[in-house]
Amino acid sequence: MPNVVFKFRRPSGSRQQNPSVAMTEALRRLSEAEEMRPLFAQASKSGGKVAIEVFHSRQGQPLLIHIKKEIA
């Protein structure tokens, strides 16, 4: 797997909950998509990683998936 980090963001005060197996599998598959290759190549050149962040509501529903390069 490419150099990827998954992060799960929740509003402060909301209940901490582990992601489901289905969510984890979906994010893994997203990280392996052909469209992601250029981003992983850029991150690799700069010695960084790609972060896939999932922002959740207080009720636990995913609201937004944000993908960014993280420089080491």
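When the residues of region 49-68 are narrowed to those that are without any contact (Cβ under 8 Å) to a residue 40 or more places away in the chain and surrounded by 11 or more Cβ atoms within 10 Å (Cβ to Cβ), which ends up farthest from residue 20 (Cα to Cα)?
Per the criteria, the residue is 68.
Residues in region 55-64: is at least one at pLDDT 90 or above, in a loop (DSSP other than H, G, I, E, B) and small (Gly, Ala, Ser)?
The answer is yes; a qualifying residue exists.
Please work out which residue is nearest to residue 68 (Cα to Cα), limiting yourself to region 14-48 and to residues that are without any contact (Cβ under 8 Å) to a residue 12 or more places away in the chain and assigned to a loop (DSSP other than H, G, I, E, B).
Within region 14-48, the match that is nearest to residue 68 (Cα to Cα) is 33.
Looking at (1) surrounded by 13 or more Cβ atoms within 10 Å (Cβ to Cβ); (2) touching a residue at least 12 places away in the same chain (Cβ under 8 Å), which is the one condition that is false for residue 71?
Status for residue 71: all satisfied but (1).
The values are calculated or read from the model by the stated rules, or taken from the named source; none is laboratory data. Keep in mind it's a predicted model, so treat the numbers as computed, not measured. For neighbour counting, all protein chains shown are included, and Cβ atoms are generated from backbone atoms with ideal geometry for every residue, glycine included.
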